[in-house]
1. Would you call Y207 of a type outside the set (G, A, S), outside any loop (DSSP other than H, G, I, E, B), at pLDDT 85 or above and in contact with a helix residue (DSSP H, G or I) (Cβ under 7 Å, 6 or more places away or on another chain)?
2. Check whether at least one residue in segment 219-226 is modelled with pLDDT of 90 or more, assigned by TED's automatic domain parsing to the domain that holds H291 and more than 20 Å from the chain's Cα centre (by Cα), and report yes or no.
3. If you check F339 against the conditions, is it over 24 Å from the mean Cα position of the chain (by Cα) and surrounded by 16 or more Cβ atoms within 10 Å (Cβ to Cβ)?
4. Of the residues F313, F339, F304, which is closer than 19 Å to M1 by Cα, of a type in the set (F, W, Y) and either assigned to a helix (DSSP H, G or I) or in contact with a strand residue (DSSP E or B) (Cβ under 9 Å, 6 or more places away or on another chain) (or both)?
5. Please tell me if L190 is in a helix (DSSP H, G or I), modelled with pLDDT under 80 and surrounded by fewer than 18 Cβ atoms within 10 Å (Cβ to Cβ).
6. Just the residues that are in contact with a strand residue (DSSP E or B) (Cβ under 8 Å, 6 or more places away or on another chain), of a type in the set (F, W, Y) and assigned to a loop (DSSP other than H, G, I, E, B), please, taken from segment 342-355.
7. Can you tell me which of A216, A185 is among the aliphatic types (A, V, I, L, M) and exposed (fewer than 14 other Cβ atoms within 10 Å of the Cβ)?
Amino acid sequence: MLIPYICRSFYFFAGITALISEFVPQLRTEFVHYGKVKTTTESSNQLENLKAQNQTGTKSSTSSADFFFAKINITAILRATVSKNSFLYFYLFGTMVSCLLLLHVSNWETRKTMYNPITETDPWFFGVWKTLECKLSPLKSLYLFSIPTKNIELCEPFTESVFRSCVWTLGLYTIHVILRLIETAYWQPLSNAKIHIGHFIVGIFFYILTPFAVFADSIYVNGSIPNSPTLVVILATLLFFYSIYTRYKCHQILFNLKNLSRQGPSSLETTKDNQYSIPMGGWFNRISSPHYTAEILMYFSLYFIAGTNNISFIFLLFWVVVNLTISATETHYWYKRTFKSKYPINRYALIPYIW
């Protein structure tokens with residue numbers, strides 16, 4: 001169970017860190033804010049604060065060397081950013097891992113065993129997984145058998161056959177990351193906005209780990225067997241496709257607004273630099289960030305398909321809800337600060353009539 005524990009730990013600590021950062025002003029400005037929310041005004045305020053701190057420190061008895069190292073070690077880390085266009089790497093890594101894992105899992109489901117009788121070996125992807133579980137995991141002693149066989153090498157924590165619902169869940173998730181890769185690579189306008197380097201690193205790890213988290217709990221001998229009724233799977237699948245379609249429509253509205261704003265003055269209500277406009281139409285009539293709402297619904301649909309007893313997916317949902325709720329809230333307040341009375345008063349951040 002090493003892989004599920006790694007996934008759960010990552011989602012939990014990422015979610016807690018995001019919550020803490022949201023309530024610490026400097027962390028919120030530098031780490032949580034990104035894109036249009038990371039305004040020039042906020043950056044200027046931070047620079048003024050740093051100058052004030054340095055002036056205060058000059059009058060104290062602390063040496064100039066201490067201030068130098070403090071400025072290098074803390075300020076540089078807090079201000080390290082990469083281009084928002086780097087989101088493309090999230091979906092690139094996610095697509096590669098998801099497609100490769102889906103290929104192996106599909107073959108496993110077809111053979112009804114992880115072991116490949118043709119090559120007389122485990123697929124290399126699962127070979128790496130077994131190495132982690134059987135040789136590096138602190139729980140490896142639980143997997144040892146007294147009578148070895150050539151294919152399990154004294155260690156077989158995995159079930160003989162993978163459940164079809166697991167394959168289906170992973171397949172839907174793979175569709176999601178492929179669509180996001182296409183959107184980001186071909187349709188989304190390039191941006192001059194920045195994201196914090198920590199935000200970028202967390203995103204990379206998220207999209208590498210999540211393909212495992214969506215089904216990993218159920219492939220261990222003592223794991224959680226998927227228990228979603230057929231009707232629930234069907235309804236959740238419909239919700240999945242409805243969610244990604246809604247998200248696609250919302251993204252198209254945002255992409256079109258971005259392109260129109262860059263063409264110069266128009267009838268649209270835009271920021272002073274003509275970079276951003278108030279989105280209209282569809283779910284935007286009631287929600288400031290409906291694409292985040294659709295994303296949350298999509299992950300909930302996968303959760304119901306994977307089985308509500310999937311503990312790793314619960315931790316995954318915790319991170320997704322925390323992350324997107326914070327992003328939606330910050331975006332909502334940015335719209336209200338930027339457009340003031342011109343911004344529709346009947347819009348909510350994430351959920352109509354609630355938040």
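1. Considered against the rule, which asks whether it is of a type outside the set (G, A, S), outside any loop (DSSP other than H, G, I, E, B), at pLDDT 85 or above and in contact with a helix residue (DSSP H, G or I) (Cβ under 7 Å, 6 or more places away or on another chain), Y207 comes out as yes.
2. No, segment 219-226 contains no residue that is modelled with pLDDT of 90 or more, assigned by TED's automatic domain parsing to the domain that holds H291 and more than 20 Å from the chain's Cα centre (by Cα).
3. When the stated conditions are applied, F339 passes them.
4. Going through F313, F339, F304 in turn, the sole match is F313.
5. no
6. Within segment 342-355, just W355 meets the criteria.
7. After ruling out the rest, the residue left standing is A185.
The values are calculated or read from the model by the stated rules, or taken from the named source; none is laboratory data. These figures come from a predicted structure and were not determined experimentally. Using ideal geometry, Cβ is built from the backbone for each residue, glycine included, and neighbour counts are taken over all protein chains shown.
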